[in-house]
């Protein structure tokens, strides 16, 4: 709300939300703001079942709440964590840690949910594992234990594009030399604010790798624009909100003499929805530099078509959950076709994820341009 309507609106929203929350609990209970947009409720002499009922009432009240500012109405979401309190077993610090983990889990599972911690000690053990991941991520960033791979994006209609198209993927190299996939460490990195550093590591490493090649081409006068490879780079929601990112990117582009035309940055549809204004600003800044832009995991929200008109993207990547069952599920096929038709009408190319065999490739909608195939 601060970004959309200003801090005065954000302050007023917090006051009204606090009032709504206060109205949903007993006089004997305590409601307090912890900071930012986080609130805590202490329900005294309350069974777990009763606490769940109270949490659901709080969730419903927030979902039904409408915030009005400057003749505009806004809805808000909430993620609630419930933690049983055993004063003789759990310390206050442990309870706060468990509550924080529960709220994050509710948020990570799709928001507007209630998540219950059944075992405080088990939750704390999970948090301990996350702390270990944080240390590993910091070490990996400092000692270059991360490594990059490239996944080919193959055109179904070759005449429409020239040059190779790759998606840049990150992996963590374990002590035994094996590769750890991103979903093992990215959730922790997202929760603890490390994705901005990881995004910058990816960009710096890619540019450093490719910089010599482009400098040699430039010296030889062979800098061709028609057959350059395109590198798709994923950006996190944290980078989306990083106002210093464009300055960092410009510095790296100049340092390694990378043509911006070979870069295609991606954010997920969910991240774009969460901060539509910032997404539009970032896309315009990147395109002004000469880069291209793609929306990843497109179709998951299915509210996409209404806001897509306001985002000047070059590609949309259809979420693989719709594509992998394209031949057997008529609803998925209809979704893919609808996305393809809308994109075609708007002059946006589509990329299909999870195209794993020739049969799916042959039956893919004719409006599609390229397809993610295989792993590098």
Quiz item: Computed FRET efficiency, Cβ-Cβ of residue 285 and residue 173, R0 30 Å: what is it to the nearest 0.05?
Solution: 0.35
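How much length is gained on full extension from residue 74 to residue 91, taking 0.36 nm per residue of separation minus their Cα-Cα distance?
Values: separation 17, 0.36 × 17 = 6.12 nm, distance 3.84 nm.
2.3 nm is the gain from fully extending residue 74 to residue 91.
For the chain, state the semi-axes of the equivalent ellipsoid (square roots of 5 times the eigenvalues of the alpha-carbon gyration tensor), sorted largest first and rounded to whole angstrom. Provide the component values of the computation, followed by the final result.
Details: eigenvalues 340, 126, 92 Å².
Each semi-axis is √(5λ); the values are 41, 25, 21 Å.
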Practice problem: Quote to one decimal, in nm, the extra length available between residue 276 and residue 135 on full extension: 0.36 nm per residue of separation minus the C-alpha distance between them. | Solution: 47.5 nm
Exercise. Return the Cα extents of region 2-118 along principal axes one, two and three, sorted largest first, each rounded to a whole Å.
Key: 50, 28, 22
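Please compute the contact order of the chain in relative form: average sequence separation of alpha-carbon pairs under 8 Å and at least six residues apart, divided by the residue count, as a percent. Spell out each step's value before the answer.
Numbers: 535 pairs, mean separation 39.7, N = 376.
RCO, the chain: 11 percent.
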Practice problem: Would you mind computing, in nm to one decimal, how far apart the modelled labels at residue 180 and residue 128 are, each placed 7 Å from Cα along Cα→Cβ? | Solution: 1.8
Quiz prompt | Angle between the chain longest axis and helix 120-143 axis [Cα atoms, degrees, rounded to 10] | solution = 30
Quiz item: For region 1-80 and region 178-205, what is the separation of their C-alpha centers, rounded to whole Å?
Solution: 32
Practice problem: Among DSSP beta bridges lying fully in the chain, give the percent that are antiparallel, nearest 5. | Solution: 45
Quiz item: At what distance in angstrom do the alpha carbon centres of region 309-325 and region 83-123 lie from each other?
Solution: 35
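Given a Förster radius of 41 Å and the C-beta distance between residue 257 and residue 37 as r, what FRET efficiency does 1/(1 + (r/R0)^6) yield to the nearest 0.05?
On the way: r = 43 Å, r/R0 = 1.05.
According to the calculation, E is roughly 0.45.
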Self-check item: Packing rank of 285-294, 128-137, 229-238, where each peptide gets the mean count of other beta carbons within 10 Å, highest leading
Solution: 229-238, 285-294, 128-137
Quiz prompt | Pairwise label distance in nanometres, residue 26 with residue 241, each label 7 Å out on the Cα-Cβ vector | solution = 3.6
Exercise. In nm, give the distance between the simple-model label positions of residue 149 and residue 338, each being 7 Å from the Cα along the Cα-to-Cβ direction.
Key: 3.4
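Determine the calculated [θ] at 222 nm for the chain from helices alone, applying -39500 (n - 2.57) to every DSSP H run no shorter than 4 residues and normalising by the residue count; nearest 500 deg cm²/dmol. Present the calculation step by step, with values, prior to reporting the outcome.
Values: 15 runs with 177 residues, N = 376.
Rounded to the nearest 500, it is -14500 deg cm²/dmol.
Rule-based calculations on the coordinates, nothing more; no lab input. No experiment lies behind these values; they were computed from the predicted model shown. Don't worry about glycine lacking a Cβ; one is built from the backbone with ideal geometry, like all the others, and counts go over all protein chains shown.
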